[in-house]
Amino acid sequence: MTSSKIEIPGEVKTDAAALMASLQLMPSPVPNPEIKYTKLFINNEWQDSVSGKVFPVYNPASGEQICEVQEAEKADVDKAVQAARLAFSLGSVWRKMDASERGRLLSKLADLVERDSAYLATVESMDSGKPFLPTLFVDLQGTMKTLRYFAGYADKIHGTTIPMDGEYLSFTRHEPIGVCGQIIPWNFPLMMTAWKLGPALACGNTVVIKPAEQTPLTCLYLGALIKEAGFPPGVVNILPGFGPTAGAAMASHMGIDKVAFTGSTEVGKLIQEAAGKSNLKRVTLELGGKNPNIIFADADLDLAVEQAHQGVFFNAGQCCTAGSRIYIEEPIYDEFVRRSVERAKRRVVGSPFDPTTEQGPQISKEQQSRILEFIQSGISEGAKLECGGKALGLKGFFIEPTVFSNVRDDMVIAREEIFGPVQQLMKFKTIEEVIERANNSDYGLVAAVFTNDINKAMTISTAMQAGTVWINCFNALSTQCPFGGYKMSGNGRELGEHGLMEYSEVKTITMKVVSKNS
Amino acid sequence: MPIPDLEVQYTKIFINNEWHESSSGGKMPVLNPASGDVLCEVEEGSPEDVDKAVRSARAAFQLGSPWRRMDASDRGELLSRLADLVERDRLLLATLEALDSGKLFLMAYFVDLVATIKTLRYFGGWADKIQGRTIPVDGDYFTYTRHEPIGVCGQIIPWNFPVMMFAWKIAPALCCGNTVVIKPAQQTPLTALHMAALIKEAGFPPGVVNVVPGYGPTVGNAIAQHMDIDKVAFTGSTAVGKLIQKAAGDSNLKRVTLELGGKNPIIVFADCNLEYAVQQAHSGLFFNQGQCCLAGSRVFVEEPIYEEFVRRSVEKARAKILGNPLVPGVDQGPQIDQQQFDKILELIESGRKEGATLECGGAPWGQRGLFIQPTVFSDVTDGMRIAKEEIFGPVQQIMRFRGVHEVVQRANSSQYGLAAGVFTSDMDKALTVSSALQAGMVWVNCYNAMSTQCPFGGFKMSGNGRELGEYALNEYTEVKAVTIKISQKNS
């Protein structure tokens, strides 16, 4: 799922014939896609919200409304939890199902996503502003691979038999936790849905999931595929709605056994508080980052510049993994800045459906304004604005790719998560210094180091307080690897074998035996 | 319903995703044991064909090859795709299997083919979850392990569950990234060859799977002795298993896993559900015409219920309907070949001579084909040949016991140790007896309950190593520990 894989090389872009030739081979979006599913999905049925309220869904490339969607609030959360609880009761179809059969259902869901991938990528692009081709090649692939990975794990969730002291036979069962509330963000809507559903369902839980209010459409469509794949009613319930109402209701619900949240650190803190206040539900959080990317003088400079560029600009900067603090070793600093600025100036910003577009709009007016404020603070605090810095275009929420150099660690743009196309370049001298500066943050999601020296690589990767450390790469994510943050970037890990632990509850069963033998 | 007038499409040797004729020019007749007719001829592999296959498998295993460079998840996808193709051709494969092996078509369709598909999918799921470890070693080092594929694996499979055994062997091997040279049994090569065609269709690179039909003493032996095969996996008789292990030691110390015979005890306590126990013991022996390594061929029944148990078992055996395995309503097909047929009758004769009571059966059945009547012996004592030797036929031995210690000791006094069954309602008996039995699989209040997720294999001379479940992965990986010096370790 690397962000740099889908970049159209510069030489091809400038040669019209080569560009047309390469574009002929690229898949195209579905023209005028029909938005079929705009209601709540509870018990495998499409339902209006209890209140009858609806909310608008916008296309951030144009600012225009796409459609209206039913808005879930507390009463709907209650209904969904009830359905999920029923589907989870002992003796239910879901509880009695062979684990391998749960895996089969997830596999079938992946096949259906594959069948409808052009449509899903089109709708995702329209709803979130993500460029179409990266959405198809990164988000859709990531979605299918995650579903397939966890489909494979369903019947491999092992407990252990244990040689305990005394005349006993002891073993553990790794049981599903129960009803899991899942709240997902707007930056990778469909893929985040898969990251949440995959492990939860593989382990046998039932789910109430709330997509972000900005981007409910692909998650709702997945509801239809979930039903088509054959999941029993109540196993997955989808509630489009807002954080302060539906999200908060889920976090404090007495009938939800676990909440998983991906979003801002600020809201993550509220979720954890609500969990403690209500029923001590289990909590996993994937929050923000202000991720350091450390470039040594012996690095492959071209690779480092390109990876650092994609690392911060991918998805218009709207990634928790954005490499937004780039520390460059003094000897190569000036050259690195020069090449980074040149690359940023070349970055193609445009319509998500233009196959040459690298960067679409920001998700909303609010986000756009917020990012522009951060840029202002950079200017006023004395960083050097190398390029960009302004909004772009008359419609939609576009921002020019922006580069700051001479950034100091105490500046706002060096400390706070911008979530926009703004790159910070800073200089360092020694390895001890850069380790200390990189770790000097409340966040700790990812880090990266570019060097050919094996000692530097091993030292940095050991020292970084980050859940993922990349060596000579960036955004290299894959379903098999656990992903999550140190410190205030979150707790718990998603994906990989670790993903299963967050969705199981361990029960130890100890039986008296007449006479034990080893 | 089985496919009428099925034409056999694949009869050649499969090497490098291509169909080859035999180097020696030899051909093997493939017989239908229900009629004695020749179904077709298949190219007979020779040691030279084994060499060709190994060269092809070795090339496919080279560092930098498409197979070695492939994402583990893509290996899993290929296995998944193969499972889809088997599902597509399920009717054809079940028909072919029933014709070639004499097993009941409905069993082939609902048991063998389902297990084949499930096994391929199960290991398809494991491929990208084969994890090494990072290890906190002493000293300023960073250490991690890689679980690498072993290399070229030779696999020799039997005739009792041909296509299912094919899946049991190739699935874990391929999931772990190995390449394979596989020899189906000479009696039953046809479904293996069809699988080869599906393997090519699924998109496995050339050389990853090679199928060489042939005889044990030639092709099998060439595999066991081969200096460029890294591991041999064999399912078959204990006698041949010993030869394989010797050959491995004699040649290049290749890794060996063996799934061999069994003389499996079923222990029935007086407090069991009697009708259920009778039924389970019956199917536990007679399934697949008694041709299972798992056959529950020593049924120990507690004294108080012994007479009734025998009576009901005989009634069940007498009610079995023999006939054409393709016809629904038939319960029992023919034995696989003349050699097996003769051996079973010889052992039945020994039972008579040594003084067991022949309750029913004991003779061949029908005008054509290799059918034997369902046979039940009672008053069997532990010293009799029918109580010690693996019969591999529809012959059930019932013996009586009095105490728990006695029956556990008698059950364990065998060189075999594959499976065992215990029927009782008492929790203590269930736990005590299952702990005490020297068997790789112990079933409590059930028999033959198998599933891809559970490890399968024998104690003692029933074999070594385990197939299926997570455990199978250990048998198909070679662990490498990599240690890197670092300037300063921190925990």
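What the table below lists for this structure:
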| quantity | calculated |
| --- | --- |
| So residue B:30, is it more than 14 Å from chain A (Cβ to nearest Cβ), touching a strand residue (DSSP E or B) at 6+ places or on another chain (Cβ under 7 Å), over 18 Å from residue B:177 (Cβ atoms) and without any contact (Cβ under 8 Å) to a residue 24 or more places away in the chain | no |
| Region B:410-450, residues that are within 13 Å of chain A (Cβ to nearest Cβ), among the polar types (S, T, N, Q) and assigned to a loop (DSSP other than H, G, I, E, B) | B:438 |
| Single residue of region B:467-489 satisfying the filter (part of a loop (DSSP other than H, G, I, E, B) and among the small types (Gly, Ala, Ser)) that is nearest to the other protein chains (Cβ to nearest Cβ) | B:487 |
| In region A:156-174, the residues that are over 26 Å from the mean Cα position of the chain (by Cα) and closer than 28 Å to residue A:106 by Cβ | A:158, A:159, A:160, A:161, A:171, A:172, A:173, A:174 |
| Within region A:488-509, tally of residues that are surrounded by fewer than 21 Cβ atoms within 10 Å (Cβ to Cβ), within 13 Å of residue A:444 (Cβ to Cβ) and touching an Asp or Glu at 6+ places or on another chain (Cβ under 6 Å) | 1 |
| Residue within region A:471-479 that is closer than 23 Å to residue A:322 by Cβ and either free of Cβ contacts under 8 Å to residues at least 12 places away in the same chain or within 12 Å of another protein chain (Cβ to nearest Cβ) (or both) present | yes |
| Considering residues of region B:336-378 that are outside any loop (DSSP other than H, G, I, E, B) and β-branched (Val, Ile, Thr) only, the residue farthest from the chain's Cα centre (by Cα) | B:357 |
| Breaking point among (1) in a loop (DSSP other than H, G, I, E, B); (2) under 17 Å from the mean Cα position of the chain (by Cα), for residue A:141 | (1) |
| Residue count, region B:100-123 (criterion: assigned to a helix (DSSP H, G or I) and either over 16 Å from the mean Cα position of the chain (by Cα) or facing another protein chain (nearest Cβ under 10 Å) (or both)) | 9 |
| Qualifying positions in region B:130-165 - in contact (Cβ under 8 Å) with a residue 24 or more places away in the chain, over 22 Å from residue B:254 (Cα atoms) and not aliphatic (A, V, I, L, M) | B:132, B:136, B:139, B:140, B:141, B:142, B:143, B:144, B:159, B:160, B:161, B:162 |
| Failed item, numbered, when residue B:459 is tested on (1) within 14 Å of chain A (Cβ to nearest Cβ); (2) in contact (Cβ under 8 Å) with a residue 40 or more places away in the chain | (1) |
| Which listed residue, of B:296, B:290, B:333, is at pLDDT 95 or above and on the phi > 0 side of the Ramachandran plot | B:290 |
| Residues of region B:4-32 classified as modelled with pLDDT under 95 and either touching a Leu at 6+ places or on another chain (Cβ under 6 Å) or part of a strand (DSSP E or B) (or both), total | 0 |
| Tally, over region A:424-467, of residues that are more than 13 Å from chain B (Cβ to nearest Cβ), over 14 Å from residue A:329 (Cα atoms) and free of Cβ contacts under 8 Å to residues at least 24 places away in the same chain | 1 |
| Residue within region B:124-131 that is touching a strand residue (DSSP E or B) at 6+ places or on another chain (Cβ under 8 Å), surrounded by fewer than 24 Cβ atoms within 10 Å (Cβ to Cβ), within 14 Å of another protein chain (Cβ to nearest Cβ) and outside any helix (DSSP H, G or I) present | yes |
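The values are calculated or read from the model by the stated rules, or taken from the named source; none is laboratory data. As the structure is a prediction and not an experimental result, all values here were calculated from the model. We place every Cβ from the backbone using ideal geometry, glycine too, and count neighbours over all the protein chains shown.
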